[in-house]
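The values are calculated or read from the model by the stated rules, or taken from the named source; none is laboratory data. Note that this is a predicted model, so its numbers are computed, not measured. Cβ placement follows ideal geometry from the backbone for every residue including glycine, while neighbour counts extend to all protein chains displayed. The area values use the complete protein model at the heavy-atom level, side chains included, leaving out ligands, DNA and RNA. Shrake-Rupley method; radii C 1.70, N 1.55, O 1.52, S 1.80 Å.
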Amino acid sequence: MRIASAETITTSPGRNFVTLRITTDDGLTGLGDATLNGRELAVASYLSDHVIPLLTGRDAARIEDTWQYLYRGAYWRRGPVTMAAIAAVDTALWDIKAKAAGMPLYQLLGGASRTGALAYGHASGRDIPELLDSIREHLAAGYRAIRVQTGVPGLGPVYGVASSGGAGGAGGPGGGERYDYEPARRAALPVEETWDTRAYLRHLPGVFEAVRAEFGPELPLLHDGHHRMTPIQAAKLGTSLEPYDLFWLEDATPGEDQAALRLIRQHTTTPLAIGEVFNSVHDYTTLLTERLIDYVRSAVTHTGGVTAMKKLLDFAAVYGVKSGMHGPTDVSPVGMAAALHLDLAIHNFGIQEYMRHSAETLEVFRTSYTFADGLLHPSDTPGLGVELDDAAAARFPYAPAYLPVNRLTDGTVHDW
Ligand code: EZ4
Ligand code: CO
(Lines give C-alpha, C1' and ligand atoms only; values in the text may rest on other atoms or scores of the structure.)
(Ligands and ions follow the chains in the order given, each with its own letter.)
Protein backbone atom coordinates (compact mmCIF):
# COMPACT_ATOMS: atom_id res chain seq x y z
CA MET A 1 0.00 0.00 0.00
CA ARG A 2 1.73 3.15 -1.28
CA ILE A 3 0.97 6.80 -0.69
CA ALA A 4 -0.58 8.05 -3.93
CA SER A 5 -1.15 11.68 -2.93
CA ALA A 6 -1.44 14.07 -0.02
CA GLU A 7 -2.96 17.51 0.37
CA THR A 8 -3.54 20.13 3.03
CA ILE A 9 -7.00 21.56 3.65
CA THR A 10 -7.10 24.97 5.37
CA THR A 11 -10.57 25.90 6.54
CA SER A 12 -12.10 28.27 9.06
CA PRO A 13 -15.46 27.08 10.38
CA GLY A 14 -15.48 29.49 13.33
CA ARG A 15 -11.72 29.23 13.73
CA ASN A 16 -8.79 28.18 11.56
CA PHE A 17 -7.81 24.54 11.07
CA VAL A 18 -5.14 22.91 8.90
CA THR A 19 -5.70 19.24 8.05
CA LEU A 20 -3.53 16.82 6.07
CA ARG A 21 -5.23 14.14 4.01
CA ILE A 22 -3.17 11.22 2.69
CA THR A 23 -4.61 8.92 -0.01
CA THR A 24 -3.17 5.48 -0.79
CA ASP A 25 -3.02 3.74 -4.16
CA ASP A 26 -5.79 1.41 -3.04
CA GLY A 27 -8.06 4.33 -2.23
CA LEU A 28 -7.85 4.57 1.57
CA THR A 29 -7.62 8.04 3.09
CA GLY A 30 -6.24 9.19 6.42
CA LEU A 31 -6.47 12.54 8.21
CA GLY A 32 -4.02 14.35 10.46
CA ASP A 33 -4.45 17.61 12.38
CA ALA A 34 -1.75 20.23 11.67
CA THR A 35 -3.36 23.24 13.36
CA LEU A 36 -1.03 25.70 15.11
CA ASN A 37 -3.25 28.46 16.48
CA GLY A 38 -2.26 31.89 15.15
CA ARG A 39 0.57 30.50 12.95
CA GLU A 40 -1.51 28.14 10.79
CA LEU A 41 -0.09 28.87 7.34
CA ALA A 42 3.49 28.13 8.41
CA VAL A 43 2.56 24.48 9.00
CA ALA A 44 0.49 24.33 5.81
CA SER A 45 3.55 25.56 3.89
CA TYR A 46 5.94 23.18 5.70
CA LEU A 47 3.70 20.32 4.63
CA SER A 48 2.95 21.44 1.07
CA ASP A 49 6.41 22.72 0.21
CA HIS A 50 8.66 20.31 2.09
CA VAL A 51 6.85 17.17 3.24
CA ILE A 52 4.16 16.20 0.73
CA PRO A 53 6.73 16.00 -2.12
CA LEU A 54 8.61 13.39 -0.04
CA LEU A 55 5.57 11.25 0.73
CA THR A 56 4.42 10.18 -2.72
CA GLY A 57 5.31 6.57 -3.42
CA ARG A 58 6.30 5.73 0.18
CA ASP A 59 4.93 2.58 1.83
CA ALA A 60 1.93 3.86 3.86
CA ALA A 61 2.36 1.02 6.37
CA ARG A 62 5.82 2.17 7.53
CA ILE A 63 4.76 4.71 10.14
CA GLU A 64 7.83 4.62 12.42
CA ASP A 65 10.19 4.77 9.46
CA THR A 66 8.33 7.74 7.97
CA TRP A 67 8.41 9.54 11.34
CA GLN A 68 12.19 9.08 11.63
CA TYR A 69 12.69 10.00 7.96
CA LEU A 70 10.91 13.33 8.46
CA TYR A 71 12.42 14.05 11.92
CA ARG A 72 16.05 13.01 11.42
CA GLY A 73 16.04 13.59 7.70
CA ALA A 74 15.24 17.28 8.01
CA TYR A 75 18.34 17.83 10.19
CA TRP A 76 16.46 20.77 11.82
CA ARG A 77 14.65 19.07 14.67
CA ARG A 78 11.76 19.89 16.97
CA GLY A 79 9.89 23.19 17.10
CA PRO A 80 6.12 23.69 16.92
CA VAL A 81 5.91 24.01 13.12
CA THR A 82 8.02 20.94 12.35
CA MET A 83 6.39 18.78 15.01
CA ALA A 84 2.83 19.74 14.03
CA ALA A 85 3.65 18.81 10.42
CA ILE A 86 5.17 15.45 11.44
CA ALA A 87 2.18 14.88 13.75
CA ALA A 88 -0.23 15.32 10.85
CA VAL A 89 1.60 12.77 8.68
CA ASP A 90 1.89 10.29 11.55
CA THR A 91 -1.77 10.59 12.57
CA ALA A 92 -2.98 10.23 8.97
CA LEU A 93 -0.90 7.07 8.54
CA TRP A 94 -2.33 5.59 11.77
CA ASP A 95 -5.83 6.44 10.49
CA ILE A 96 -5.04 4.54 7.29
CA LYS A 97 -3.49 1.56 9.09
CA ALA A 98 -6.50 1.22 11.38
CA LYS A 99 -8.95 1.54 8.48
CA ALA A 100 -6.98 -1.11 6.57
CA ALA A 101 -7.24 -3.37 9.65
CA GLY A 102 -10.97 -2.62 9.94
CA MET A 103 -10.45 -1.55 13.55
CA PRO A 104 -10.75 1.60 15.63
CA LEU A 105 -7.25 2.98 16.23
CA TYR A 106 -7.32 2.22 19.96
CA GLN A 107 -7.32 -1.50 19.15
CA LEU A 108 -3.94 -1.15 17.42
CA LEU A 109 -2.61 0.71 20.48
CA GLY A 110 -3.36 -2.24 22.76
CA GLY A 111 -7.14 -2.13 23.13
CA ALA A 112 -9.33 -0.41 25.70
CA SER A 113 -8.02 -0.02 29.25
CA ARG A 114 -11.22 1.69 30.43
CA THR A 115 -14.82 2.30 29.38
CA GLY A 116 -14.24 5.97 28.56
CA ALA A 117 -11.97 8.94 29.15
CA LEU A 118 -12.87 11.28 32.03
CA ALA A 119 -13.28 14.75 30.50
CA TYR A 120 -13.04 18.14 32.13
CA GLY A 121 -14.94 21.16 30.86
CA HIS A 122 -14.22 24.88 31.13
CA ALA A 123 -16.40 26.82 33.53
CA SER A 124 -15.75 30.53 33.81
CA GLY A 125 -17.31 33.77 34.97
CA ARG A 126 -16.43 37.42 35.04
CA ASP A 127 -17.34 37.26 38.74
CA ILE A 128 -18.09 34.50 41.25
CA PRO A 129 -21.91 34.31 40.76
CA GLU A 130 -21.43 33.97 36.99
CA LEU A 131 -18.78 31.30 37.60
CA LEU A 132 -21.10 29.30 39.88
CA ASP A 133 -23.81 29.40 37.18
CA SER A 134 -21.33 28.18 34.61
CA ILE A 135 -20.30 25.28 36.86
CA ARG A 136 -23.98 24.36 37.37
CA GLU A 137 -24.51 24.29 33.60
CA HIS A 138 -21.50 22.04 33.11
CA LEU A 139 -22.69 19.63 35.79
CA ALA A 140 -26.15 19.57 34.20
CA ALA A 141 -24.51 18.74 30.86
CA GLY A 142 -22.80 15.72 32.41
CA TYR A 143 -19.29 16.96 33.18
CA ARG A 144 -17.70 15.31 36.20
CA ALA A 145 -14.58 17.50 36.38
CA ILE A 146 -14.40 21.26 35.95
CA ARG A 147 -11.71 23.82 35.13
CA VAL A 148 -12.32 27.05 37.07
CA GLN A 149 -11.28 30.48 35.68
CA THR A 150 -12.58 33.91 36.68
CA GLY A 151 -12.12 37.57 36.03
CA VAL A 152 -9.83 39.49 38.39
CA PRO A 153 -11.25 42.61 40.07
CA GLY A 154 -9.75 45.72 38.52
CA LEU A 155 -8.69 43.99 35.29
CA GLY A 156 -10.56 43.76 31.99
CA PRO A 157 -10.97 40.51 30.01
CA VAL A 158 -8.39 37.90 31.09
CA TYR A 159 -7.40 34.46 29.86
CA GLY A 160 -10.01 31.75 30.21
CA VAL A 161 -13.09 33.86 30.90
CA ALA A 162 -15.92 34.01 28.42
CA SER A 163 -16.58 37.63 27.52
CA SER A 164 -20.27 37.01 26.95
CA GLY A 165 -20.87 35.09 30.13
CA GLY A 166 -21.02 31.38 30.70
CA ALA A 167 -24.46 30.54 29.45
CA GLY A 168 -24.81 28.18 26.55
CA GLY A 169 -21.26 28.69 25.51
CA ALA A 170 -18.99 26.74 23.36
CA GLY A 171 -16.68 24.47 25.07
CA GLY A 172 -19.46 24.30 27.25
CA PRO A 173 -22.17 22.42 28.25
CA GLY A 174 -24.87 22.65 25.78
CA GLY A 175 -22.97 23.57 22.63
CA GLY A 176 -25.37 26.43 22.17
CA GLU A 177 -24.40 29.91 21.10
CA ARG A 178 -20.68 30.09 20.71
CA TYR A 179 -18.23 32.19 22.64
CA ASP A 180 -14.45 32.14 22.60
CA TYR A 181 -12.36 33.25 25.47
CA GLU A 182 -9.16 32.53 23.61
CA PRO A 183 -10.44 34.47 20.70
CA ALA A 184 -7.69 34.21 18.11
CA ARG A 185 -9.44 37.31 16.81
CA ARG A 186 -9.74 37.61 13.04
CA ALA A 187 -7.90 40.85 12.42
CA ALA A 188 -4.57 42.15 11.22
CA LEU A 189 -3.35 42.61 14.81
CA PRO A 190 -3.85 40.70 18.09
CA VAL A 191 -6.07 42.05 20.86
CA GLU A 192 -4.07 43.38 23.83
CA GLU A 193 -5.07 42.50 27.41
CA THR A 194 -3.87 43.80 30.79
CA TRP A 195 -2.52 41.62 33.58
CA ASP A 196 -1.57 42.03 37.27
CA THR A 197 -0.27 38.85 38.93
CA ARG A 198 -0.50 40.19 42.51
CA ALA A 199 -4.19 41.05 42.05
CA TYR A 200 -4.77 37.55 40.63
CA LEU A 201 -2.97 35.87 43.54
CA ARG A 202 -5.08 37.82 46.05
CA HIS A 203 -8.33 36.95 44.30
CA LEU A 204 -8.05 33.26 43.41
CA PRO A 205 -8.16 31.52 46.83
CA GLY A 206 -11.50 33.21 47.56
CA VAL A 207 -12.84 31.93 44.25
CA PHE A 208 -12.03 28.32 45.16
CA GLU A 209 -13.39 28.88 48.67
CA ALA A 210 -16.73 29.90 47.14
CA VAL A 211 -16.75 26.98 44.69
CA ARG A 212 -16.01 24.38 47.40
CA ALA A 213 -18.65 25.98 49.68
CA GLU A 214 -21.24 25.64 46.91
CA PHE A 215 -20.33 22.26 45.38
CA GLY A 216 -18.64 20.35 48.20
CA PRO A 217 -15.35 18.48 48.44
CA GLU A 218 -15.75 15.74 45.81
CA LEU A 219 -15.90 17.52 42.45
CA PRO A 220 -12.49 17.49 40.72
CA LEU A 221 -11.47 21.14 40.14
CA LEU A 222 -8.66 22.32 37.86
CA HIS A 223 -7.06 25.70 37.22
CA ASP A 224 -4.86 27.06 34.41
CA GLY A 225 -2.22 29.67 35.37
CA HIS A 226 -1.33 30.11 31.67
CA HIS A 227 2.39 30.67 32.23
CA ARG A 228 1.90 33.96 34.09
CA MET A 229 3.70 33.46 37.39
CA THR A 230 7.30 33.45 38.56
CA PRO A 231 8.35 30.26 40.36
CA ILE A 232 7.96 31.82 43.82
CA GLN A 233 4.55 33.28 42.91
CA ALA A 234 3.47 29.83 41.68
CA ALA A 235 4.74 28.25 44.91
CA LYS A 236 2.66 30.75 46.87
CA LEU A 237 -0.47 30.07 44.78
CA GLY A 238 -0.06 26.30 45.05
CA THR A 239 0.23 26.63 48.84
CA SER A 240 -2.75 28.96 49.16
CA LEU A 241 -4.92 26.56 47.08
CA GLU A 242 -4.04 23.43 49.09
CA PRO A 243 -7.20 23.63 51.27
CA TYR A 244 -9.33 23.35 48.09
CA ASP A 245 -7.72 20.09 46.91
CA LEU A 246 -7.18 20.88 43.23
CA PHE A 247 -6.95 18.08 40.66
CA TRP A 248 -4.15 20.17 39.14
CA LEU A 249 -2.61 23.59 38.77
CA GLU A 250 -1.66 23.94 35.09
CA ASP A 251 1.13 25.94 33.44
CA ALA A 252 2.08 27.83 36.59
CA THR A 253 5.30 29.17 35.05
CA PRO A 254 6.57 29.67 31.47
CA GLY A 255 7.15 26.32 29.76
CA GLU A 256 10.75 26.77 28.66
CA ASP A 257 12.10 26.63 32.20
CA GLN A 258 11.88 23.04 33.42
CA ALA A 259 14.01 23.79 36.49
CA ALA A 260 11.42 26.34 37.69
CA LEU A 261 9.20 23.42 38.65
CA ARG A 262 11.80 22.31 41.23
CA LEU A 263 11.14 25.42 43.26
CA ILE A 264 7.34 25.09 43.04
CA ARG A 265 7.50 21.41 43.97
CA GLN A 266 9.55 22.11 47.11
CA HIS A 267 6.76 24.30 48.46
CA THR A 268 3.41 22.76 47.60
CA THR A 269 1.52 19.48 47.35
CA THR A 270 -0.95 20.94 44.80
CA PRO A 271 -0.58 18.61 41.76
CA LEU A 272 1.13 20.21 38.77
CA ALA A 273 0.46 19.89 35.03
CA ILE A 274 2.45 21.43 32.19
CA GLY A 275 3.27 20.97 28.52
CA GLU A 276 0.61 22.28 26.11
CA VAL A 277 3.23 24.40 24.33
CA PHE A 278 5.87 21.64 24.37
CA ASN A 279 6.57 19.73 21.19
CA SER A 280 9.02 16.98 22.13
CA VAL A 281 9.72 14.34 24.73
CA HIS A 282 12.99 16.19 25.32
CA ASP A 283 11.01 19.09 26.83
CA TYR A 284 10.10 16.73 29.69
CA THR A 285 13.34 15.00 30.69
CA THR A 286 14.02 17.05 33.85
CA LEU A 287 10.31 17.23 34.71
CA LEU A 288 9.82 13.47 34.55
CA THR A 289 13.10 12.07 35.84
CA GLU A 290 12.97 14.38 38.87
CA ARG A 291 9.21 13.82 39.37
CA LEU A 292 8.44 17.53 39.23
CA ILE A 293 5.00 17.19 37.61
CA ASP A 294 1.92 14.98 37.88
CA TYR A 295 0.30 15.38 34.42
CA VAL A 296 1.59 15.70 30.85
CA ARG A 297 -0.36 18.37 28.91
CA SER A 298 0.94 17.79 25.38
CA ALA A 299 -1.42 17.28 22.44
CA VAL A 300 -1.00 14.67 19.71
CA THR A 301 -1.29 17.57 17.25
CA HIS A 302 1.70 19.51 18.60
CA THR A 303 4.02 16.73 19.72
CA GLY A 304 4.72 14.64 16.62
CA GLY A 305 1.58 12.56 16.44
CA VAL A 306 0.32 9.30 17.92
CA THR A 307 3.74 7.62 17.66
CA ALA A 308 5.57 10.33 19.63
CA MET A 309 2.77 10.89 22.13
CA LYS A 310 2.62 7.16 22.96
CA LYS A 311 6.38 7.12 23.61
CA LEU A 312 6.15 10.26 25.75
CA LEU A 313 3.31 8.80 27.83
CA ASP A 314 5.15 5.49 28.27
CA PHE A 315 8.18 7.47 29.51
CA ALA A 316 5.91 9.40 31.90
CA ALA A 317 4.43 6.11 33.17
CA VAL A 318 7.86 5.01 34.42
CA TYR A 319 7.72 7.96 36.85
CA GLY A 320 4.07 7.55 37.82
CA VAL A 321 3.04 10.61 35.80
CA LYS A 322 -0.34 10.56 34.03
CA SER A 323 -1.80 12.00 30.86
CA GLY A 324 -3.87 15.18 30.72
CA MET A 325 -3.85 15.89 27.00
CA HIS A 326 -4.56 19.37 25.70
CA GLY A 327 -8.04 19.58 24.14
CA PRO A 328 -8.93 23.19 23.31
CA THR A 329 -11.09 24.06 20.30
CA ASP A 330 -7.95 24.92 18.31
CA VAL A 331 -7.07 21.22 18.33
CA SER A 332 -9.32 20.04 15.49
CA PRO A 333 -11.77 17.15 15.83
CA VAL A 334 -9.11 15.05 14.05
CA GLY A 335 -6.56 15.86 16.76
CA MET A 336 -9.19 15.29 19.44
CA ALA A 337 -10.08 11.86 18.05
CA ALA A 338 -6.40 10.85 18.00
CA ALA A 339 -6.13 11.87 21.67
CA LEU A 340 -9.24 9.86 22.57
CA HIS A 341 -7.87 6.64 21.06
CA LEU A 342 -4.72 7.05 23.17
CA ASP A 343 -6.76 7.99 26.26
CA LEU A 344 -8.71 4.76 25.97
CA ALA A 345 -5.67 2.54 25.38
CA ILE A 346 -2.88 3.74 27.68
CA HIS A 347 -2.64 2.60 31.30
CA ASN A 348 -1.51 5.95 32.77
CA PHE A 349 -4.53 7.97 31.65
CA GLY A 350 -5.34 10.92 33.93
CA ILE A 351 -7.95 13.19 32.37
CA GLN A 352 -8.85 14.69 28.96
CA GLU A 353 -9.58 18.37 28.37
CA TYR A 354 -12.77 18.75 26.33
CA MET A 355 -14.30 21.86 24.84
CA ARG A 356 -17.11 21.15 22.42
CA HIS A 357 -16.37 22.36 18.91
CA SER A 358 -18.82 24.75 17.29
CA ALA A 359 -21.65 23.50 15.10
CA GLU A 360 -19.84 24.96 12.06
CA THR A 361 -16.66 23.04 12.92
CA LEU A 362 -18.65 19.83 13.28
CA GLU A 363 -20.22 20.42 9.85
CA VAL A 364 -16.76 20.29 8.30
CA PHE A 365 -15.40 17.49 10.51
CA ARG A 366 -17.85 14.57 10.74
CA THR A 367 -17.01 12.99 14.08
CA SER A 368 -18.13 9.76 15.69
CA TYR A 369 -16.72 10.18 19.21
CA THR A 370 -19.24 10.46 22.03
CA PHE A 371 -19.58 12.24 25.37
CA ALA A 372 -21.87 10.67 27.95
CA ASP A 373 -21.93 10.68 31.77
CA GLY A 374 -18.73 12.73 31.86
CA LEU A 375 -16.77 10.26 29.72
CA LEU A 376 -15.51 10.56 26.15
CA HIS A 377 -15.25 7.53 23.85
CA PRO A 378 -13.63 7.54 20.38
CA SER A 379 -16.27 5.11 18.95
CA ASP A 380 -15.65 1.82 17.19
CA THR A 381 -15.57 3.27 13.68
CA PRO A 382 -12.48 1.92 11.87
CA GLY A 383 -9.58 4.39 11.90
CA LEU A 384 -9.81 7.65 13.82
CA GLY A 385 -13.54 7.91 13.17
CA VAL A 386 -13.46 11.42 11.67
CA GLU A 387 -14.04 12.42 8.04
CA LEU A 388 -13.65 15.84 6.44
CA ASP A 389 -16.42 17.24 4.22
CA ASP A 390 -14.60 19.13 1.44
CA ALA A 391 -17.65 21.05 0.27
CA ALA A 392 -18.36 22.25 3.81
CA ALA A 393 -14.67 23.15 4.33
CA ALA A 394 -14.69 25.26 1.16
CA ARG A 395 -17.52 27.37 2.53
CA PHE A 396 -15.26 28.64 5.35
CA PRO A 397 -12.16 30.33 3.91
CA TYR A 398 -9.07 31.04 6.01
CA ALA A 399 -8.77 34.46 7.61
CA PRO A 400 -5.77 35.62 9.67
CA ALA A 401 -6.42 35.36 13.42
CA TYR A 402 -4.21 35.88 16.45
CA LEU A 403 -4.26 34.97 20.12
CA PRO A 404 -4.17 38.01 22.43
CA VAL A 405 -0.99 39.74 23.55
CA ASN A 406 -0.73 40.33 27.31
CA ARG A 407 0.76 43.43 29.00
CA LEU A 408 1.35 44.34 32.64
CA THR A 409 -0.38 47.47 33.91
CA ASP A 410 2.75 49.54 33.07
CA GLY A 411 2.69 48.30 29.48
CA THR A 412 5.41 45.64 29.71
CA VAL A 413 4.73 42.65 27.45
CA HIS A 414 3.97 39.62 29.64
CA ASP A 415 3.42 35.90 29.04
CA TRP A 416 0.06 34.96 27.53
O1 EZ4 B 1 -4.60 28.91 25.40
O2 EZ4 B 1 -5.25 26.34 23.03
O3 EZ4 B 1 -5.60 24.70 28.56
N4 EZ4 B 1 -5.87 25.24 27.54
C5 EZ4 B 1 -5.29 26.36 27.09
C6 EZ4 B 1 -5.74 26.82 25.73
C7 EZ4 B 1 -4.67 27.58 24.95
C8 EZ4 B 1 -4.99 27.62 23.48
C9 EZ4 B 1 -3.84 28.24 22.68
O10 EZ4 B 1 -4.01 28.05 21.32
O11 EZ4 B 1 -4.50 26.95 27.77
O12 EZ4 B 1 -6.88 27.57 25.92
CO1 CO C 1 -3.77 25.58 29.27
Seminar exercise, completed: Over segment 117-151, the set of residues open to solvent by less than 10 Å² (accessible area, probe 1.4 Å) and under 22 Å from Ala339 (Cα atoms) is Ala117, Ala119, Tyr120, Gly121, His122, Ala123, His138, Tyr143, Ala145, Ile146, Arg147
Exercise. Quick check: anything in segment 366-373 assigned by TED's automatic domain parsing to the domain that holds Val161, within 16 Å of ligand 1 (Cβ to nearest atom) and either at negative phi or touching a Ser or Thr at 6+ places or on another chain (Cβ under 8 Å) (or both)?
Worked result: no
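Evaluate the following for Phe278: is it closer than 27 Å to Thr301 by Cβ, open to solvent by 40 Å² or more (accessible area, probe 1.4 Å), modelled with pLDDT of 95 or more and within 16 Å of ligand 1 (Cβ to nearest atom)?
Criteria not met by Phe278.
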Exercise. Are any residues in segment 231-255 farther than 19 Å from Gly324 by Cα and either within 16 Å of ligand 2 (Cβ to nearest atom) or of a type in the set (Phe, Trp, Tyr) (or both), and if so, which ones?
Worked result: Ala234, Leu237, Tyr244
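Name the residue that is nearest to ligand 2 (Cβ to nearest atom), counting only residues in segment 322-334 that are over 19 Å from Val386 (Cβ atoms) and buried (at least 24 other Cβ atoms within 10 Å of the Cβ).
Taking segment 322-334 as the starting set, the residues that turn out to be over 19 Å from Val386 (Cβ atoms) are 322-324.
With buried (at least 24 other Cβ atoms within 10 Å of the Cβ) added as a condition, the list becomes 323-324.
Values: Ser323: 15, Gly324: 10 Å.
Here the answer is Gly324.
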Problem set entry | helices (runs of 4 or more DSSP H) wholly inside segment 69-150 containing at least 3 residues that are under 28 Å from Phe247 (Cα atoms), assigned by TED's automatic domain parsing to the domain that holds Glu7 and within 20 Å of the chain's Cα centre (by Cα) | none
Exercise. Limited to segment 19-39, what total is found for residues that are without any contact (Cβ under 8 Å) to a residue 60 or more places away in the chain and either assigned to a strand (DSSP E or B) or touching a helix residue (DSSP H, G or I) at 6+ places or on another chain (Cβ under 8 Å) (or both)?
Worked result: 2
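Report, by residue number, each residue of segment 56-68 that is closer than 26 Å to Val277 by Cβ and open to solvent by 40 Å² or more (accessible area, probe 1.4 Å).
Glu64, Gln68, listed by residue number.
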Exercise. Which numbered condition trips up Lys310, out of (1) more than 16 Å from ligand 2 (Cβ to nearest atom); (2) more than 24 Å from Trp67 (Cβ to Cβ); (3) touching a residue at least 60 places away in the same chain (Cβ under 8 Å)?
Worked result: (2)
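Name the residue that is nearest to ligand 1 (Cβ to nearest atom), counting only residues in segment 261-275 that are of a type in the set (A, V, I, L, M, F, W, C) and crowded, with 23+ Cβ neighbours inside 10 Å.
Of all residues in segment 261-275, those of a type in the set (A, V, I, L, M, F, W, C) come to 261, 263-264, 272-274.
Applying the additional criterion that residues be crowded, with 23+ Cβ neighbours inside 10 Å yields 264, 272-274.
Working: Ile264: 18, Leu272: 14, Ala273: 9, Ile274: 11 Å.
The extreme case among them is Ala273.
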For this session: Would you confirm whether any residue within segment 352-360 is away from ligand 1 (no atom under 16 Å from the Cβ) and free of Cβ contacts under 8 Å to residues at least 12 places away in the same chain?
Result: no
Exercise. Mind checking which residues of segment 374-400 are part of a loop (DSSP other than H, G, I, E, B), over 20 Å from Ile146 (Cα atoms) and not acidic (Asp, Glu)?
Worked result: Pro378, Ser379, Thr381, Pro382, Leu384, Gly385, Arg395, Phe396, Pro397, Tyr398, Ala399, Pro400
Exercise. Got at least one residue in segment 391-407 being within 16 Å of ligand 2 (Cβ to nearest atom), under 16 Å from the mean Cα position of the chain (by Cα) and not assigned by TED's automatic domain parsing to the domain that holds Ile96?
Worked result: yes
For this session: Collect the residues in segment 396-416 that are free of Cβ contacts under 8 Å to residues at least 40 places away in the same chain and open to solvent by 40 Å² or more (accessible area, probe 1.4 Å), keeping them in residue-number order.
Result: Asp410, Thr412, Val413
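Would you confirm whether or not segment 40-55 contains a residue that is open to solvent by 40 Å² or more (accessible area, probe 1.4 Å), assigned by TED's automatic domain parsing to the domain that holds Leu20, outside any helix (DSSP H, G or I) and of a type in the set (Ser, Thr, Tyr)? Don't jump to the end; show me each part of the working.
Our first condition is that a residue be open to solvent by 40 Å² or more (accessible area, probe 1.4 Å); within segment 40-55, this holds for 41-42, 45-46, 48-50, 53-54.
In the following step, the residues that additionally are assigned by TED's automatic domain parsing to the domain that holds Leu20 were identified as 41-42, 45-46, 48-50, 53-54.
Pick out the ones that are also outside any helix (DSSP H, G or I) and you get none.
There is no residue in segment 40-55 that is open to solvent by 40 Å² or more (accessible area, probe 1.4 Å), assigned by TED's automatic domain parsing to the domain that holds Leu20, outside any helix (DSSP H, G or I) and of a type in the set (Ser, Thr, Tyr).
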